[in-house]
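Written out below as structure tokens is the structure these notes cover.
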Amino acid sequence: MNNRMHDLKIRREYFQAILTGNKKSEFRKCDARDFKFHDLIRLNEITFIQPSDKSYFLGDRASYTGRQMIVRITDVTAVNSVYEELPVSPTFVMLSFEVISAIDEARGLVLI
């Protein structure tokens with residue numbers, strides 16, 4: 001089975017909630033991605049920074065922290081089909097997942 005890898009950014013508080021087991025799903029705009037059962041997602045933790053901090057700089061206010069997590073999609077629910085009042089486009093999905101691994105590249109640590 002050839003599963004695709006999707007790269008997504010995730011805010012620090014949500015990354016931590018997944019790491020502790022308190023969060024097991026993610027609501028996302030589907031845009032050009034075609035999320036499928038058993039696809040993998042690399043969640044890249046971001047934080048909001050002062051403009052003088054240049055490490056892993058993403059743009060005007062966000063920065064990568066160096067922590068990443070790999071999760072496997074266990075369910076994809078097309079939210080637009082559940083809530084008829086939503087327009088067809090843009091498409092939103094609720095992704096349920098299980099954690100495969102987590103690392104802190106900046107510190108060279110395996111978190112899970």
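The values are calculated or read from the model by the stated rules, or taken from the named source; none is laboratory data. Values in this document were obtained by computation on a predicted structure and should not be read as measured data. Quick reminder, even Gly has a Cβ in these numbers, built from the backbone with ideal geometry, and neighbours come from all protein chains shown. The area values use the complete protein model at the heavy-atom level, side chains included, leaving out ligands, DNA and RNA. Shrake-Rupley method; radii C 1.70, N 1.55, O 1.52, S 1.80 Å.
Note on the chain: GNM, Cα springs under 10 Å; of 13, 26, 85, the largest mean-square fluctuation is that of 85. Annotation: for a label point projected 7 angstrom from Cα along Cα→Cβ of residue 100, residues of the range 1-17 with backbone N closer than 11 Å are 2-6. Largest GNM mean-square fluctuation among 86, 19, 95, using the chain with Cα springs under 10 Å: 86.
In this rough spin-label picture, where each label sits 7 Å from Cα along the Cβ direction, the residue 11-residue 112 distance is 2.0 nm.
Using heavy atoms of the protein chains and a probe of 1.4 Å, the accessible area assigned to residue 5 is about 80 Å². Please compute the contact order of the chain in relative form: average sequence separation of alpha-carbon pairs under 8 Å and at least six residues apart, divided by the residue count, as a percent. Computed value for the chain: 27 percent relative contact order. Taking 0.36 nm per residue of separation and subtracting the current Cα-Cα distance, fully stretching the chain between residue 22 and residue 3 would add 4.3 nm. What does the net charge come to around residue 4 if you take all other residues with beta carbon closer than 15 Å to its beta carbon, with K and R at +1 and D and E at -1? Combined, the nearby Lys, Arg, Asp and Glu give +1. Straight Cα distances below 20 angstrom link residue 29 to the aspartates and glutamates 7, 13, 39, 45, 75, 84, 85, 98, with same-chain residues fewer than 8 positions distant left out.
Amide H contacts of residue 105: 67, 68, each under 5 Å away and 5 or more positions distant or on a separate chain (H built 1.01 Å from N in the peptide plane; Pro and chain starts excluded).
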